[in-house]
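S.K.: Pasting a structure below so you can have a look.
The values are calculated or read from the model by the stated rules, or taken from the named source; none is laboratory data. The model shown is predicted, which means the values in this text are computed figures rather than measured ones. Heads up, the Cβs are rebuilt from the backbone with ideal geometry, glycines too, and the neighbour counts pull from every protein chain shown.
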């Protein structure tokens, strides 16, 4: 099944105003914003949707009252959408919605939507670096740092991380029913999963937890490159938002990361430079630990020069 990846995550929250402001401050493009919520898009049209926790149009929450109400996947075409419908309707209710999408639940109880993807194909200039001895990079007299550039805009919705009570059951659903592939695995936590319509290392990571913790740990947007990630994260932190983890670089996926606390009661991540894999990739498997999770992780300090500001 050519499932492309995440198209939209829908949240039901207590404080819509705070969430609206948070996502706009993160550089996302605001659409239809009001006190009842809004939609906040990356450059390719993938998005996060905010709604009041009391919105009667939202799918019912998990028993844990997780703020994530629906995960919407984009698929390549109507034939793939029909294939998903045919497969999942074998053993569960699958509803066709007025907008042409379909809605159901996975084996862990998470509400899922599927639609022909809204992702726009983008033609952007990737980040260039001048590496001694390497071919390519920026042209002579081409400047790399632009102090006048505004807040970087996230490029696309990257991945989501579920807390699940039975990781084997959850993994089996996405692999056996939807054709996801395991990219890598933390043997003491769970797998990183990639749908067939993308080469991204993962768009879903599953972590086994007690049932009372079921929900979402974090979700992520891709930035254009490491410099854009660091610039966006620093601007976000300067606006008063609290870092949870990072900036650093993961081992599985190789992506640079910067995680923040959020008013959505989940962590919010900006990342960049994720590995791409096809079906020839052989998944790795190790226990999750500090030395297997990250190549490096910085802790920011106030100093702006070695030894601090002498003044």
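S.K.: On the given criteria, is residue 72 surrounded by 13 or more Cβ atoms within 10 Å (Cβ to Cβ), within 22 Å of residue 156 (Cα to Cα), touching a residue at least 40 places away in the same chain (Cβ under 8 Å) and out of contact with any helix residue (DSSP H, G or I) (no Cβ under 9 Å at 6 or more places or on another chain)?
M.R.: Working: surrounded by 13 or more Cβ atoms within 10 Å (Cβ to Cβ): yes; within 22 Å of residue 156 (Cα to Cα): yes; touching a residue at least 40 places away in the same chain (Cβ under 8 Å): yes; out of contact with any helix residue (DSSP H, G or I) (no Cβ under 9 Å at 6 or more places or on another chain): yes.
Yes; evaluated as a whole, the condition is true for this residue.
S.K.: Which of the residues belonging to region 33-55 are assigned to a strand (DSSP E or B) and within 13 Å of the chain's Cα centre (by Cα)?
M.R.: Matches in region 33-55: 41, 47, 48.
S.K.: Take the residues of region 122-135 that are without any contact (Cβ under 8 Å) to a residue 24 or more places away in the chain and surrounded by fewer than 10 Cβ atoms within 10 Å (Cβ to Cβ): which is nearest to residue 77 (Cα to Cα)?
M.R.: Among those that are without any contact (Cβ under 8 Å) to a residue 24 or more places away in the chain and surrounded by fewer than 10 Cβ atoms within 10 Å (Cβ to Cβ), it is 123.
S.K.: Tell me the residue from 204, 199 that is touching a helix residue (DSSP H, G or I) at 6+ places or on another chain (Cβ under 7 Å) and closer than 21 Å to residue 185 by Cβ, please.
M.R.: When all the criteria are applied, what remains is 204.
S.K.: Oh, and also: Is there a residue being under 23 Å from the mean Cα position of the chain (by Cα) and either surrounded by fewer than 16 Cβ atoms within 10 Å (Cβ to Cβ) or in contact (Cβ under 8 Å) with a residue 24 or more places away in the chain (or both) anywhere in region 85-99?
M.R.: Taking region 85-99 first, the residues under 23 Å from the mean Cα position of the chain (by Cα) are none.
No, every residue in region 85-99 fails to be under 23 Å from the mean Cα position of the chain (by Cα) and either surrounded by fewer than 16 Cβ atoms within 10 Å (Cβ to Cβ) or in contact (Cβ under 8 Å) with a residue 24 or more places away in the chain (or both).
S.K.: Still on this structure: Is there a residue being over 16 Å from residue 156 (Cβ atoms) and touching a helix residue (DSSP H, G or I) at 6+ places or on another chain (Cβ under 7 Å) anywhere in region 284-293?
M.R.: yes
S.K.: Any chance region 103-118 includes a residue that's touching a strand residue (DSSP E or B) at 6+ places or on another chain (Cβ under 9 Å), within 25 Å of residue 255 (Cβ to Cβ) and not in a loop (DSSP other than H, G, I, E, B)?
M.R.: Yes, there is a match, as at least one residue in region 103-118 is touching a strand residue (DSSP E or B) at 6+ places or on another chain (Cβ under 9 Å), within 25 Å of residue 255 (Cβ to Cβ) and not in a loop (DSSP other than H, G, I, E, B).
S.K.: Assuming residue 114 fulfils every condition listed in (1) touching a helix residue (DSSP H, G or I) at 6+ places or on another chain (Cβ under 9 Å); (2) surrounded by fewer than 20 Cβ atoms within 10 Å (Cβ to Cβ) apart from one, which condition is it?
M.R.: (2)
S.K.: Can you pull out every residue in region 36-54 that is touching a residue at least 60 places away in the same chain (Cβ under 8 Å) and more than 13 Å from residue 67 (Cα to Cα)?
M.R.: Those that are touching a residue at least 60 places away in the same chain (Cβ under 8 Å) and more than 13 Å from residue 67 (Cα to Cα): 42, 43, 44, 45, 46, 47.
S.K.: Which pairs have Cβ atoms under 8 Å, sit 6 or more apart or on different chains, and link a residue in region 13-26 that is closer than 20 Å to residue 151 by Cβ to one that is part of a helix (DSSP H, G or I)?
M.R.: 25/236; 26/232; 26/236
S.K.: Now for a different question. Mind counting the residues in region 14-32 that are part of a strand (DSSP E or B), at pLDDT 95 or above and over 18 Å from the mean Cα position of the chain (by Cα)?
M.R.: Initially, region 14-32 is screened for residues part of a strand (DSSP E or B), giving 29-32.
The next check asks that each one be at pLDDT 95 or above; those that pass are 29-30.
Next, from what is left, pick out any that are over 18 Å from the mean Cα position of the chain (by Cα): none.
The total comes to 0.
S.K.: Does residue 58 satisfy being in a loop (DSSP other than H, G, I, E, B), closer than 26 Å to residue 28 by Cβ and without any contact (Cβ under 8 Å) to a residue 60 or more places away in the chain?
M.R.: Criteria met by residue 58.
S.K.: From the set of residues in region 35-55 that are touching a helix residue (DSSP H, G or I) at 6+ places or on another chain (Cβ under 9 Å) and closer than 14 Å to residue 15 by Cβ, which is surrounded by the most Cβ atoms within 10 Å (Cβ to Cβ)?
M.R.: 50
S.K.: Since residue 238 meets every condition but one in (1) free of Cβ contacts under 8 Å to residues at least 60 places away in the same chain; (2) over 15 Å from the mean Cα position of the chain (by Cα); (3) over 16 Å from residue 25 (Cβ atoms), which condition does it not meet?
M.R.: Every listed condition holds for residue 238 apart from (3).
S.K.: Residue 259 versus (1) in a loop (DSSP other than H, G, I, E, B); (2) modelled with pLDDT of 95 or more; (3) in contact with a strand residue (DSSP E or B) (Cβ under 7 Å, 6 or more places away or on another chain): which is the lone unmet condition?
M.R.: Residue 259 satisfies all of (1) in a loop (DSSP other than H, G, I, E, B); (2) modelled with pLDDT of 95 or more; (3) in contact with a strand residue (DSSP E or B) (Cβ under 7 Å, 6 or more places away or on another chain) except (1).
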